[in-house]
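All of the numbers you see were taken from the coordinates with simple rules; none came from a lab. Not measured: the values here are computed from a predicted model. Positions of Cβ are generated from backbone atoms using ideal geometry, with glycine treated the same way; all protein chains shown enter the neighbour counts.
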Amino acid sequence: MSNLNGKAGVSPARGKLGILIPGLGAVATTLIAGVAAVRKGAPSGPDGKPSQPFGSLTQMGHIRLGKRTDNRYPKIKDFVPLADLNDIVFGGWDLYEDNVYEAASKARVLEQPLLDSVKDELEAIQPMKAVFDRSYVTNLDGKNVKTGASKWDLAQQVIADIEAFRKATGVDRLVVLWCGSTEKYIEAVDVHQTIESFEQGLRENHSLIAPSMIYAYAAVSQGIPFVNGAPNLTCDIPAMVALAKKTETPIAGKDFKTGQTLMKTILAPGLQARALGVRGWFSTNILGNRDGYVLDHPDNFRTKEVSKLGVLEDILRPDLHPELYGDLYHKIRINYYPPHGDNKESWDNIDIFGWLGYTMQIKINFLCRDSILAAPVALDLALFSDLAKRAGMYGIQEWLSFYLKSPQTAPGLHPDNDIFRQLIKLQNTLRHIMGEDLITHLGLDYYQELAEIL
């Protein structure tokens, strides 16, 4: 079904929103500490100004309503009924026992004085025992893990965790946001095809049911929106899509769009729009955090590689433009380099050609901070997923592709990775939810009106 179908209207964001996160690592702790710092007005950065949620469209972005001449540009958070940052309660699971303050300190993304200013809030968040299968993440091992007779039993334990969190915190609504590590590459098989086959696979401990799928099942079976922030095969299997429709639950995935891929989805549409050819695009990264360590294993890197490789093909469409992109050579490398920690450095070499086939090159050196880019993406996905639930929108939420490297779409539907078209889709979805006119950017009416006057 279309992600815009469902019940009419949108319920207000009353009460508190619980955001439960499997994987309380660098991204999750940066998100949680950042929200705490913004709520408290804690000083951040060398200028000592109060912390601001920069990079978050829900908090900082504006949206145009009506004609340009109407001059209506409210902030998105003032236009649609989103959960307020003061009404968010965080919790989560992790295979390590560190509370969020300890985990954030070890991640070394945010400066220690900032973390110390919100220490009490962070220390209060202790991870629940995680569902973990080392065969999916070979380079990690922890002791804070669940045990059970079957994967079905583990799913029931996660459901019990969710209910215990709901009762303990008094939250009114929930979202589950996967921020865990990239799991090894697998493809969908028979066990993933129907709700019945998947549930049977849980009971029989099927080897191709990954931990992330257990969390997704636990959330979606209870009608709780689920977002996959990693490139794993998780909620993009037929069984989970069917379950989301059955329980009327929004799902979205996959893989937070942050550093190098963000640059690709900005630059590639510009090259394609100007009909400039691309012969080669070489991308390499160095990264030293836990994510980099996990991706140092070839099985996990393969999952990330597939997610990143599809972006250019989806944007440039060599099937439609063989003379421009038919011979494109696209290469991606990620190298684990501990000294850089969370500060990812990426290099891109792009060989392009223009008029009469004359060649040119573009070089990009992006020294980014992976979790700083990912945290606001995670926040927006959680808030928008909660909005979708309250608006009666369920199933695949393709309008959230703006935030994702490998957008989940309906079967047979070509994904759109052009970030500018993705933004238009997102904004028009918000207008649709609130009963405002959609905007096509055609603009002819201004000139037709002028002609009539003249």
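Which of rounded, prolate, oblate describes the chain, given a ≥ b ≥ c as roots of the alpha-carbon gyration tensor eigenvalues and a/c under 1.5 marking rounded, otherwise prolate only if a/b is larger than b/c? Provide the component values of the computation, followed by the final result.
Numbers: a/c = 1.36, a/b = 1.21, b/c = 1.13.
Verdict is rounded for the chain.
Between Ser11 and Gln361, what FRET efficiency follows from the Cβ-Cβ distance if R0 is 60 Å, with the result rounded to 0.05?
Values: r = 52 Å, r/R0 = 0.87.
Efficiency computed from Cβ-Cβ geometry: 0.70.
Counting only DSSP beta bridges with both residues in region 260-367, what percent are antiparallel, rounded to the nearest 5?
Taking every DSSP beta bridge within region 260-367, about 70 percent pair in antiparallel fashion.
Within region 354-391, which residues have the backbone N less than 16 Å from the label spot 7 Å out from Arg274 along Cα→beta-carbon, could you tell me?
Of the residues in region 354-391, 354-364 have backbone N under 16 Å from the label point off Arg274.
Which whole-number percent is the relative contact order of the chain (Cα, under 8 Å, 6+ apart)?
That works out to 20 percent.
With θ taken as phi - 60° and the coefficients 6.51, -1.76 and 1.60, list the Karplus ³J(HN,Hα) couplings across region 347-355 in order, rounded to whole Hz; mark glycine and proline as x.
After applying 6.51 cos²θ - 1.76 cosθ + 1.60, I find 10, 10, 10, 10, 9, 10, 9, x, 3 Hz.
Would you compute, from DSSP H runs of 4+ residues alone, the mean residue ellipticity of the chain at 222 nm, taking -39500 (n - 2.57) per run and dividing by the full residue count, rounded to the nearest 500?
Calculated mean residue ellipticity at 222 nm is -12000 deg cm²/dmol.
How large is the convex hull of the C-alpha atoms of region 260-367 per residue, in Å³?
Dividing the Cα hull volume of region 260-367 by its residue count gives 88 Å³.
Please check which bits of region 399-442 a label hung off Gln52 would reach, taking the label as a point 7 Å along Cα-to-C-beta and the cut-off as backbone N under 19 Å.
So the set is empty, nothing qualifies.
How do the peptides 70-78, 23-31 rank, highest first, by the average count of neighbouring beta carbon atoms within 10 Å per residue? It would help to have the intermediate numbers written out before the result.
On the way: 70-78: 13.4, 23-31: 28.8.
Per-residue mean Cβ counts within 10 Å order the peptides as 23-31, 70-78.
Can you list residues whose amide H is under 5 Å from Phe353's amide H, if they're 5+ apart or on another chain and H is modeled 1.01 Å from N?
Gly277, Val278, Arg279, Met360
What whole-number distance in Å separates the alpha-carbon centres of region 418-448 and region 254-326?
27 Å
Of all DSSP beta bridges in the chain, what percent run antiparallel (nearest 5)? The partial results should precede the final answer.
Numbers: 23 of 52 bridges.
Expressed as a percentage, antiparallel bridges in the chain total about 45.
Can you list the aspartates and glutamates whose alpha carbon is less than 14 Å from that of Lys246, not counting same-chain residues fewer than 8 positions off?
Glu196
Using the charge dipole of region 260-367 (Lys, Arg: +1 at Cβ; Asp, Glu: -1 at Cβ; taken about the Cα centre), state which of Ile315, Leu367, Gly357 has its Cα farthest towards the positive end.
Farthest along the dipole direction, towards plus: Leu367.
Going 7 Å from the Cα of Ala160 along its beta-carbon direction, which residues of region 206-239 have the amide nitrogen within less than 19 Å of the resulting point?
214-222
Determine which lysines satisfy two conditions relative to Lys405: a Cα distance under 22 Å, and not lying fewer than 8 residues away in the same chain.
By straight Cα distance, Lys405 reaches Lys184, Lys254, Lys257, Lys264, Lys304, Lys308, Lys331, Lys344, Lys363, Lys425.
Enumerate the lysines that Lys40 could reach by cross-link, defined here as Cα to Cα under 24 Å, with residues fewer than 8 away along the same chain left out.
List returned: Lys16, Lys49, Lys75, Lys77, Lys106, Lys119.
Which value, in debye to the nearest 20, describes the size of the charge dipole of the chain about its Cα centre when Lys and Arg Cβ atoms bear +1, Asp and Glu Cβ atoms bear -1, and nothing else is charged?
Working: 48 positive and 53 negative charges, 101 e Å.
Charge dipole of the chain: 480 debye, to the nearest 20.
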